[in-house]
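Just below is one structure, and these are the notes that go with it.
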Amino acid sequence: MLKQINQIFTIKFISVLLISFPSAIIADYFNIPLAWFLGPMIITSIAALSGLKIKMPKIVLNFILIILGLHIGNYIDQNLFNQINNWIWTSLIMLIYIIICILIVAKYLQKFAGYGKKASIFSAAPGALGPLMILAENEKTDLSQVATSHLIRLIIIITVIPFIIVNNVVTETLIIDEFDYMAQNHFNLIMLIIASIIFILFFDKIRIPAALLSGTLFASGLLQVTDVASYKLPDASINFCLLILGASVGCRFAEKTIKEITNNSLHSLVATTILVLLGFIAAYVATFFVDTNILTLILSFSPGGIYEVAVIAIAFDLDPDFVAFHHIIRLLFILFTVPIFLRILEKLKN
């Protein structure tokens, strides 16, 4: 823990902040959608690929993800639980979407990109990079192909989606209301954070995907629905969450080379296009089963970036609880379906 805390004061992290804040301000000045996310993401990606020594300390990212979970937690109430029954059909659509994505994109990557069968399956899965990297390592798969494919896909998706939304959404983003934040019981915030940490550790131990988000959401929902504790974080704090998340995406390119990125870019672009189109189709089909904004459904079926997409949902006020629920469900489905695909592959070999 002490080592992780010390990383906050290293040149590598200070450099991230020094280049991220100006890039966010400049992007905001030019009215770029989700400026506090895209600005830092772009500049840190360039810096990392240029050889600048930068690093996002895990403790900082974890703290931001807890804050993000608490933001989404504000949307959890009894009405939300009453709606979950209506999301069974969209969850089923999600499962079908994942299976079709893996079948089509894996075949493309095998035939045109020269990926091995296992690497193509891991690369084709619409999300869950962290768990997939662990599975890929156990299967002795090319980790570089898998990681680069997912990272390039993530960059494309979270760059394009804000522009799609900002041209279609009717409300202003990040509207600051007149809520008196200082009049709240701040002890409730402490209770929520402690409960979140407890459930995060528990969920991580039993290997529930995205434990940082799911644990915080569960703790926040439990305490709020039972009227034990509730707390509304300032909407303006989202900007800092956006900055850290955007910079963390860019920092993931620190161990990549420009050649590696270039070799994977074209095929990753095609694969991402296929996944996004399939996501649009799935979102459209879902409109027949739920009365939900199409933009919310598009976010829910976007392939990858559970935390990044969740913060976009908050920023544009597009049912963050609905989006987060479906991305967590997607992670669970991927963790179940990918091993099944691998077992089928092994049987076909034998």
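The values are calculated or read from the model by the stated rules, or taken from the named source; none is laboratory data. Bear in mind that the values here come from a model prediction, so they are computed numbers and not experimental data. Because the Cβ atoms are built from the backbone with ideal geometry, glycine has one as well, and the counts that use them run over all protein chains shown.
Restricting the first member to segment 195-222 and to residues that are more than 11 Å from L70 (Cβ to Cβ), and the second to residues that are among the acidic types (D, E), the beta-carbon pairs closer than 7 Å and six or more apart or on different chains are A211/D204.
Return the total of residues in segment 204-215 being in a helix (DSSP H, G or I) and either at pLDDT 90 or above or surrounded by fewer than 16 Cβ atoms within 10 Å (Cβ to Cβ) (or both). Final tally of qualifying residues: 2.
Apart from one condition, I54 fits all of (1) part of a helix (DSSP H, G or I); (2) surrounded by 22 or more Cβ atoms within 10 Å (Cβ to Cβ); the exception is (1). Annotation: K140 fulfils all but one of (1) without any contact (Cβ under 8 Å) to a residue 60 or more places away in the chain; (2) under 18 Å from the mean Cα position of the chain (by Cα); (3) not in a helix (DSSP H, G or I); the unmet one is (2). The residue that is surrounded by the fewest Cβ atoms within 10 Å (Cβ to Cβ), counting only those in segment 216-243 that are among the β-branched types (V, I, T) and either within 20 Å of the chain's Cα centre (by Cα) or modelled with pLDDT under 80 (or both), is I238.
Does A128 satisfy the criteria of being under 30 Å from S196 (Cα atoms), among the small types (G, A, S), modelled with pLDDT under 80 and crowded, with 17+ Cβ neighbours inside 10 Å? Don't jump to the end; show me each part of the working.
Values: under 30 Å from S196 (Cα atoms): yes; among the small types (G, A, S): yes; modelled with pLDDT under 80: yes; crowded, with 17+ Cβ neighbours inside 10 Å: yes.
Yes.
The C-beta contact set for segment 230-242 (first residue assigned to a loop (DSSP other than H, G, I, E, B), second residue among the small types (G, A, S), distance under 9 angstrom, 6+ apart or interchain) comprises S230/G73; S230/S220; Y231/G73; Y231/S220.
Here is a yes/no grid of residues against (1) crowded, with 23+ Cβ neighbours inside 10 Å; (2) aliphatic (A, V, I, L, M); (3) on the phi > 0 side of the Ramachandran plot:
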{"position": "Y29", "(1), (2), (3)": "no, no, no"}
{"position": "P33", "(1), (2), (3)": "no, no, no"}
{"position": "F37", "(1), (2), (3)": "yes, no, no"}
{"position": "I46", "(1), (2), (3)": "no, yes, no"}
{"position": "L49", "(1), (2), (3)": "no, yes, no"}
{"position": "I59", "(1), (2), (3)": "no, yes, no"}
{"position": "T90", "(1), (2), (3)": "yes, no, no"}
{"position": "L95", "(1), (2), (3)": "no, yes, no"}
{"position": "I99", "(1), (2), (3)": "no, yes, no"}
